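Asks: This is the structure I want to talk about, given as C-alpha cells.
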Amino acid sequence: MAQQITLIGGGLVGALLAQQLAGRGFKVDVFEKRPDPRIAGFVGGRSINLALAERGLHALRQAGLADDVLQRAVMMRGRMVHTRDGRSGLQRYGVDDSEVIWSVSRGALNMLLLDAAEAAGVRFHFGQSLVDADFDAGRICLADEAGVTREIDAPVVIGADGAGSALRAAMNQHSPLGERVEALGHAYKELEIPPAGTLPADLVDRSGGHDQFALEPHALHIWPRGGYMCIALPNTEGSFTVTLFLPAQGAHPSFATLPDAQAARAFFEHDFPDVLPLVPDFANDYDSHPVGTLSTLYLQRWHLGGRALLVGDAAHAIVPFHGQGMNCGFEDTVVLASLMAEAPGDTAEVFAEFQRIRQPNSDAIAAMALENYVEMRDSVADPHYLAKRELGALLAERVPQHFMARYRMVTFTHLPYAYAYERGRAQDVLLEQLLRGSTQASSVDLGAAAATLQATLPPLPDLHG
C-alpha cells in the first residue's frame, strides 16, 4: 500500500513537491488555506513575479514542466542599471544567452503546478487552514473558511506553507525548533508600469522600450541609489512589476517618511524621475498596495523525527535580492523526493538527511541574498566593483576551469550554494589582491593573474553534478 503523505501548503513549493512525490508512488493530500486560484483567481499579497534560474529549471525538468513554464516567461539577460542622470547600461548575468534568468508570474506558475500535481494523482483540499497538530498521535486539526474544524490522520506531515508557516508554529509548540528571525529593517512596495500601448510613443522611445514593453524587456532593471533602490521585472503581457525597496523607519527616505502617494511622488520626482512618467496610476498603486516586510528565518531543527518536516520558506525564508527563494525551494523538492524514493519507509532518517544536506546550503544563500542587496543598491555603480567584475570576467574567459563569478555559480550551475559562497569569498580576496585598490582592470597583468589564480585555488568541480 502506498505511503500516505500530508502536505500543508499548495503554493509553488508545495504543489511541485506533491507532484514529484505522487510520481514516485506516494499517496499525497495537500491542504491549502487559500481558495483554489484556478477558480477564485490568484490571491496576491506577495511578489507578483519571480526570477527562475537553473536550479528551479532543473526541478521543473525533473517534473516534465520546464518547457511549459518557459513558454510563459520573459528572458532577462542581465541588470539594466539606471543612473541618476538618466543613463543606462546592461551588466550581463552570464557569458551569453545560454546564461539568462527568466521572469515568471507567481500566479500562472502556481496554477500550472496545481494542474500537473492533480494529473499525477495528488488530492488538493482548498480553504483548509491548519489550526493544531498532535504529532504523537499522528493527527492534525483543520478549519474551513467558515471556521468549522475537523481532525484527520496525518502520520507524516510536511509543511510547505511559507514564511508564516502554521505547521512550523505547531511543531515549535510541541518541541522548540530554535527559531530566529532577523528583520532586514528595509521594506518594499510594488507599483506597475503598464504595457507600452497605454503610454505616449515618445516616452516609450526615450525609455528604450519596444514591442509591447515600455522598457527593454530582456533585463531586470535597477535604479540603485546607495541605501535604497527601485527594480522592475517584465511580465509576458508587456507590463513591468516595479518594486521600491527602502528602510522601513528612520530619516528620509524611508517608508515612515512617505506615508502617502503625495509624499512618494515628490520623492520619485527627485530620485527616480525616469520611472515616474511610466507609472500613470502611481497614486492608486502607492496608496492601495501594502508595504511588505523583509526578513531571514533560521531554524536549528527542520523536523520532528520522522513525523513532521519543513521545506522551502517554511524552513529557511530569505530576502529576495538574489532571486533564489523559489529556486532554493524547488531544489529542496528534488532532494527530498529523491531521498523519499530511496527509503520510503524511513522518514526519520530521510528527514534528518534532508536537513543535513540542505541546511548549510540554505544558510549560504541567505547570506548571499543579504550581500546582494548591498551590491544591487550600491555596488553596481561603484568603479572598484566594476573593475573587479571586469577582471573576473577576463579570468573566467582565460582560465574557465579555475574562475567563475559567484553569481554565475549560484544562478547557472548545480554547485551547492555553500560551495559557491566559500569559493566566491576566496576569489574575491584574490581579485582584491590583484587590483590593489585600482579601478582599472587593465592595470592587472592578466597572464600573471591567471597563474596566481591557478596556483592559489583548485579547479572548479563538475558544474552540473
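Asks: Of the conditions (1) under 30 Å from TYR407 (Cβ atoms); (2) in contact with a Phe, Trp or Tyr (Cβ under 7 Å, 6 or more places away or on another chain), HIS125 satisfies every one except a single condition; which number is it?
Replies: So the condition that HIS125 fails would be (1).
Asks: Any chance you could count how many residues in region 269-323 are open to solvent by 60 Å² or more (accessible area, probe 1.4 Å), touching a helix residue (DSSP H, G or I) at 6+ places or on another chain (Cβ under 9 Å) and free of Cβ contacts under 8 Å to residues at least 24 places away in the same chain?
Replies: So the answer is 2.
Asks: Read through the list (1) in contact with a Phe, Trp or Tyr (Cβ under 6 Å, 6 or more places away or on another chain); (2) open to solvent by 20 Å² or more (accessible area, probe 1.4 Å), then give the number of the only condition that ALA261 fails.
Replies: ALA261 satisfies all of (1) in contact with a Phe, Trp or Tyr (Cβ under 6 Å, 6 or more places away or on another chain); (2) open to solvent by 20 Å² or more (accessible area, probe 1.4 Å) except (2).
Asks: For residues in region 77-108 being basic (Lys, Arg) and open to solvent by 40 Å² or more (accessible area, probe 1.4 Å), which is nearest to the chain's Cα centre (by Cα)?
Replies: Initially, region 77-108 is screened for residues basic (Lys, Arg), giving 77, 79, 84, 87, 92, 106.
Keeping just the survivors that are open to solvent by 40 Å² or more (accessible area, probe 1.4 Å) gives 77, 84, 87, 92.
On the way: ARG77: 17, ARG84: 27, ARG87: 28, ARG92: 19 Å.
Among them, the one singled out is ARG77.
Asks: Could you check region 15-44 and list, in sequence order, the residues that are in a helix (DSSP H, G or I) and open to solvent by 20 Å² or more (accessible area, probe 1.4 Å)? Talk me through it step by step, then tell me what you get.
Replies: Pass one, region 15-44, residues in a helix (DSSP H, G or I): 15-23, 37-40.
Result: GLN19, GLY23, ARG38, ILE39, ALA40.
Asks: Condition first: crowded, with 23+ Cβ neighbours inside 10 Å and either in a loop (DSSP other than H, G, I, E, B) or touching a Gly at 6+ places or on another chain (Cβ under 7 Å) (or both). Now tell me which residues in region 1-11 satisfy that.
Replies: Within region 1-11, LEU7, ILE8, GLY9, GLY10, GLY11 qualify.
Asks: Continuing with the same structure: Can you name the number of the only condition in (1) among the hydrophobic types (A, V, I, L, M, F, W, C); (2) within 27 Å of ARG92 (Cβ to Cβ); (3) at pLDDT 95 or above that LEU203 fails?
Replies: The single condition LEU203 does not satisfy is (3).
Asks: Do you know which residues across region 268-300 are more than 19 Å from VAL204 (Cβ to Cβ) and part of a loop (DSSP other than H, G, I, E, B)?
Replies: Scanning region 268-300 gives HIS289, PRO290, VAL291, LEU299, GLN300.
Conditions tested, residue by residue: (1) closer than 18 Å to ASP161 by Cβ; (2) modelled with pLDDT under 95.
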| site | (1), (2) |
| --- | --- |
| LEU309 | yes, no |
| ILE318 | yes, no |
| GLY329 | yes, no |
| PHE351 | yes, no |
| ASP363 | no, no |
| GLU375 | no, yes |
| ALA387 | no, yes |
| GLU390 | no, yes |
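Asks: Continuing with the same structure: Kindly provide the set of residues from region 90-131 that are assigned to a loop (DSSP other than H, G, I, E, B) and not acidic (Asp, Glu), ordered by number.
Replies: In the first step, residues of region 90-131 are kept if they are assigned to a loop (DSSP other than H, G, I, E, B); the result is 93-100, 120-122, 127-128.
Residues satisfying the conditions are TYR93, GLY94, VAL95, SER98, VAL100, ALA120, GLY121, VAL122, GLY127, GLN128.
Asks: Which of the residues that make up region 220-243 are more than 21 Å from ALA381 (Cβ to Cβ), part of a strand (DSSP E or B) and out of contact with any His (no Cβ under 8 Å at 6 or more places or on another chain)?
Replies: THR241
Asks: Which numbered condition trips up SER338, out of (1) more than 30 Å from GLY25 (Cα to Cα); (2) surrounded by fewer than 22 Cβ atoms within 10 Å (Cβ to Cβ)?
Replies: Tallying (1) more than 30 Å from GLY25 (Cα to Cα); (2) surrounded by fewer than 22 Cβ atoms within 10 Å (Cβ to Cβ), SER338 fails exactly one: (1).
The values are calculated or read from the model by the stated rules, or taken from the named source; none is laboratory data. Treat the numbers as computed from the prediction; the structure is a model and nothing was measured. Counting neighbours? That spans all protein chains shown, and the Cβs are built from the backbone with ideal geometry, glycine included. Side chains included, ligands, DNA and RNA excluded: accessible areas come from the protein's heavy atoms. Shrake-Rupley method; radii C 1.70, N 1.55, O 1.52, S 1.80 Å.
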